[in-house]
Amino acid sequence: MTALQTRLKQLFPDFTEVALLQAIEQEAQLVRLTQDEVLIEPGQFIKNIPLVLSGMLKILREDDDGHELLLYYVRPGETCAMSLTCCSVDAKSSVRAVVEEDLEMLTIPVRFLDQWTQEFRSFKNFVMFTYQKRFDELLRTIDGIAFQKLDERLLALLREKQRLQASPVVQATHQELAQELNSSREVISRLLKQMEKRGMVSLSRNKIALLHIV
């Protein structure tokens, strides 16, 4: 087993067939992108399926006025459900994919989606699990918009970023948080100031430390 196949096996434990690992190594392309690079824009056709090896993508939905809402993150060992959906029906993307953290991924040409789904049971299971996981995340996003106040959504987003960055200090600007919550920078800054006064966070330039009280 090659070094890449071993890495794939560690990150994607559901890929149980050796033939699948060999096919990915043979057909996929290794791509590296830096933070804030845009992988896909709304209206573009998706030609490849990403398998994230390191770093992170964020998937955003944009309305007609240019306001964005964070849908979910794509982490190492995962792929993007929107990519799978668009590829399966040859549809244009309805989301924007932006690099959240410097990214290393393998991109699989779309023509292999149907073939590998039929040929490899573990790949089919991976695709179905991805759909289910993203569906659950989208439901949580909808619940947050429908049932939570903006300050609660902001706190939930900070906790999620804290978990993903594996650090008590979240690296993010007020503008980035506002975009992900489909709000304005002024509103988010005001909420963060209120949270700071309540002893929930400590603010510094592009950094937000969540305190133990949170």
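Here is a yes/no grid of residues against (1) open to solvent by 60 Å² or more (accessible area, probe 1.4 Å); (2) in a strand (DSSP E or B); (3) at pLDDT below 95:
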{"position": "Ile59", "(1), (2), (3)": "no, yes, yes"}
{"position": "Met105", "(1), (2), (3)": "no, yes, no"}
{"position": "Leu113", "(1), (2), (3)": "no, no, yes"}
{"position": "Gln132", "(1), (2), (3)": "yes, no, yes"}
{"position": "Leu139", "(1), (2), (3)": "yes, no, yes"}
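Condition check for Gly66 on (1) open to solvent by 10 Å² or more (accessible area, probe 1.4 Å); (2) assigned to a strand (DSSP E or B): one failure, at (2).
Ser83 meets the conditions (1) modelled with pLDDT of 95 or more; (2) closer than 30 Å to Ala156 by Cα; (3) assigned to a helix (DSSP H, G or I) in every case but one. The failed one is (1).
Among the residues of the stretch 43-57, those that are open to solvent by 50 Å² or more (accessible area, probe 1.4 Å) and part of a loop (DSSP other than H, G, I, E, B) comprise Gln44, Lys47. One residue is enough: does the stretch 179-187 have a residue meeting the conditions open to solvent by 50 Å² or more (accessible area, probe 1.4 Å) and either β-branched (Val, Ile, Thr) or outside any helix (DSSP H, G or I) (or both)? Checked against the condition, which is being open to solvent by 50 Å² or more (accessible area, probe 1.4 Å) and either β-branched (Val, Ile, Thr) or outside any helix (DSSP H, G or I) (or both), the stretch 179-187 yields at least one hit. Sub-8 Å Cβ pairs linking a first residue in the stretch 17-38 that is over 9 Å from Thr107 (Cα atoms) and among the basic types (Lys, Arg) to a second residue that is open to solvent by 70 Å² or more (accessible area, probe 1.4 Å) and outside any helix (DSSP H, G or I), at least 6 apart or interchain, are Arg32/Asp102, ordered by first then second residue. Take the residues in the stretch 195-214 that are in a helix (DSSP H, G or I) and charged (D, E, K, R), then tell me which one is farthest from Asp63 (Cα to Cα). Among those that are in a helix (DSSP H, G or I) and charged (D, E, K, R), it is Lys197.
Checking the stated criteria, Ser88 turns out to be part of a helix (DSSP H, G or I), open to solvent by less than 70 Å² (accessible area, probe 1.4 Å) and of a type outside the set (Asp, Glu). Just one of the listed residues (Gln118, Gln132) is more than 17 Å from the chain's Cα centre (by Cα) and not charged (D, E, K, R), and it is Gln118. When Gln10 is tested against (1) of a type outside the set (Val, Ile, Thr); (2) in contact (Cβ under 8 Å) with a residue 12 or more places away in the chain; (3) on the phi < 0 side of the Ramachandran plot, only condition (2) is not met.
Of the residues making up the stretch 13-30, one or more are crowded, with 18+ Cβ neighbours inside 10 Å, farther than 22 Å from Glu137 by Cα and of a type in the set (Phe, Trp, Tyr). Restricting the first member to the stretch 146-169 and to residues that are closer than 18 Å to Gly199 by Cβ, and the second to residues that are assigned to a helix (DSSP H, G or I) and among the aliphatic types (A, V, I, L, M), the beta-carbon pairs closer than 7 Å and six or more apart or on different chains are Asp151/Leu191; Leu154/Leu177; Leu154/Ile188; Leu154/Leu191. Report yes if Leu192 is surrounded by 13 or more Cβ atoms within 10 Å (Cβ to Cβ), in a helix (DSSP H, G or I) and touching a helix residue (DSSP H, G or I) at 6+ places or on another chain (Cβ under 8 Å), otherwise no. Here the answer is yes, as Leu192 does meet what is asked.
The values are calculated or read from the model by the stated rules, or taken from the named source; none is laboratory data. This structure is a prediction, so every number in the text was calculated from the model and none was measured. Cβ: placed from backbone, ideal geometry, glycine included. Neighbour counts: every protein chain shown. Quick note on the areas: whole protein, heavy atoms, side chains included, nothing else; ligands and nucleic acids left out. Shrake-Rupley method; radii C 1.70, N 1.55, O 1.52, S 1.80 Å.
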